[in-house]
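Reading through the structure tokens given below for one structure.
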Amino acid sequence: MAEFLQYTTNGLIAGSSYGLLALAMTLIYGILSVPNFALGGIYALGAFVAFYVVQWMGPGYYLFSIVPAVLIGMIIAIVTERLVFRPLYDAPHAAGFIAALGLYSILEGSWAILFDPTWRKIASPYNDIVLQLGPICLTMQRLIILVFCLLFALATYYLVYRTLTGKKIRAASENKSVAQLMGISPFTTTTMTFIVGCVLVMIAGVLDAPAALVGASMGLTPITKAFIVVALGGLGSVPGAIMGGLILGLGENYGAAYISSMYKDLFSYGLFIVVLLILPNGLYRR
């Protein structure tokens, strides 16, 4: 029973991170109907921001790195939406998909040039604090990942479903033409959605950085799994992204613990296929 609780905790921690990334992707997908894989490059930038804040200011300022990460994420969101995706609003969805992949490649190559392609580790002070919560053992850093990811996910849920900005986002995602007739600017709404998405991804990069190696290509696997979560939970569904992330994290860790850790990524794709065979539209409809 103790081992099961430990594996469940590990799964929830991984799943909360997947869910935060999936939230960003599902918000943008709801507006453009395009899976924005370029968010993987922005996720890596968030990790680099955390690395350099810790390097320049000291480990005690690790959580402070969320502040510059949010500001940089807002700038990148505005620039990428206006320069890359806005010209493709009326283009076929395949054009947006190709643009997103191309932008990811540009960002990954840029980080490799700017920060050099070596992998590095962040010296977070919370990695050395070990907590023993009954039969569950985890570091303070992993607890921070779980708590902060869930808090930001809940804040995003509140934004989308309980605020005027969220109503505009949902209206534009349902039908841009009708939303425009109601006085909602599709361009402004799309920009706001990109800002929220990029900020969430930057925060996820900051939170995950001390528990992983920081490098230019570190965002590819997480953002791929985030897309699995988006499809698993239901394309464009905010609750589905949160629940799908937790389910994927639990499935991965249970499979790695009770079958083999060598096939951890395989369990992600296997779970994805099984769920979609049973529920082709995902767990939640939009």
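The values are calculated or read from the model by the stated rules, or taken from the named source; none is laboratory data. This structure is a prediction, so every number in the text was calculated from the model and none was measured. Here the Cβ is made from the backbone with ideal geometry for all residues, glycine too, and neighbour counts use every protein chain on show.
As a summary of the residue check, Tyr269 satisfies the conditions (1) under 23 Å from Glu108 (Cβ atoms); (2) assigned to a helix (DSSP H, G or I); (3) modelled with pLDDT of 90 or more except for the one numbered (3). For the subset of the range 25-36 comprising residues that are surrounded by 22 or more Cβ atoms within 10 Å (Cβ to Cβ) and assigned to a loop (DSSP other than H, G, I, E, B), which member is modelled with the lowest pLDDT? The selected residue is Pro35.
Here's a check for you: in the range 123-143, which residue that is under 23 Å from the mean Cα position of the chain (by Cα) and farther than 21 Å from Glu3 by Cα is modelled with the highest pLDDT? Give the steps one after another, and end with the answer.
Step one: filter the range 123-143 for residues under 23 Å from the mean Cα position of the chain (by Cα), giving 123-124, 126-127, 138-143.
Adding the requirement that they be farther than 21 Å from Glu3 by Cα leaves 123-124, 126-127.
Numbers: Ala123: 83, Ser124: 84, Tyr126: 90, Asn127: 87.
Of everything passing the filter in the range 123-143, Tyr126 is modelled with the highest pLDDT.
Across the range 272-286, which residue is surrounded by the most Cβ atoms within 10 Å (Cβ to Cβ) among those that are more than 19 Å from the chain's Cα centre (by Cα) and assigned to a helix (DSSP H, G or I)? It comes out as Val275. Note on the range 72-83: residues that are surrounded by 13 or more Cβ atoms within 10 Å (Cβ to Cβ) and either among the polar types (S, T, N, Q) or without any contact (Cβ under 8 Å) to a residue 40 or more places away in the chain (or both) total 1.
I'd like to know if the range 197-212 contains one or more residues that are in contact with a helix residue (DSSP H, G or I) (Cβ under 6 Å, 6 or more places away or on another chain) and either part of a loop (DSSP other than H, G, I, E, B) or among the hydroxyl-bearing types (Ser, Thr, Tyr) (or both). Taking every residue of the range 197-212 in turn, none turns out to be in contact with a helix residue (DSSP H, G or I) (Cβ under 6 Å, 6 or more places away or on another chain) and either part of a loop (DSSP other than H, G, I, E, B) or among the hydroxyl-bearing types (Ser, Thr, Tyr) (or both). Restricted to the range 50-71, and to residues there that are among the β-branched types (Val, Ile, Thr) and in contact with a helix residue (DSSP H, G or I) (Cβ under 7 Å, 6 or more places away or on another chain), the residue that is surrounded by the fewest Cβ atoms within 10 Å (Cβ to Cβ) is Val70. Of all residues in the range 111-133, those satisfying the criterion of being touching a residue at least 24 places away in the same chain (Cβ under 8 Å), outside any loop (DSSP other than H, G, I, E, B) and not aromatic (Phe, Trp, Tyr) are Ala112, Arg120, Pro125, Asn127.
Got at least one residue in the range 38-45 being free of Cβ contacts under 8 Å to residues at least 60 places away in the same chain and either surrounded by 21 or more Cβ atoms within 10 Å (Cβ to Cβ) or touching a Lys or Arg at 6+ places or on another chain (Cβ under 9 Å) (or both)? No.
Scanning the range 255-264 for residues that are assigned to a helix (DSSP H, G or I) and out of contact with any helix residue (DSSP H, G or I) (no Cβ under 6 Å at 6 or more places or on another chain) returns Tyr258, Ser261, Met262, Tyr263.
Determine, yes or no, whether Gly41 is at pLDDT 90 or above, more than 26 Å from Thr139 (Cβ to Cβ), in a helix (DSSP H, G or I) and under 15 Å from the mean Cα position of the chain (by Cα). Answer is yes for this residue.
In the range 171-209, which residues are within 26 Å of Thr221 (Cα to Cα) and aromatic (Phe, Trp, Tyr)? Phe194 - this is the single residue of the range 171-209 that is within 26 Å of Thr221 (Cα to Cα) and aromatic (Phe, Trp, Tyr).
Every residue, every condition in (1) under 30 Å from Asp90 (Cβ atoms); (2) surrounded by 13 or more Cβ atoms within 10 Å (Cβ to Cβ), yes or no:
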| site | (1), (2) |
| --- | --- |
| Leu133 | no, no |
| Ile136 | no, yes |
| Met182 | yes, no |
| Thr189 | yes, yes |
| Phe194 | yes, yes |
| Met202 | yes, yes |
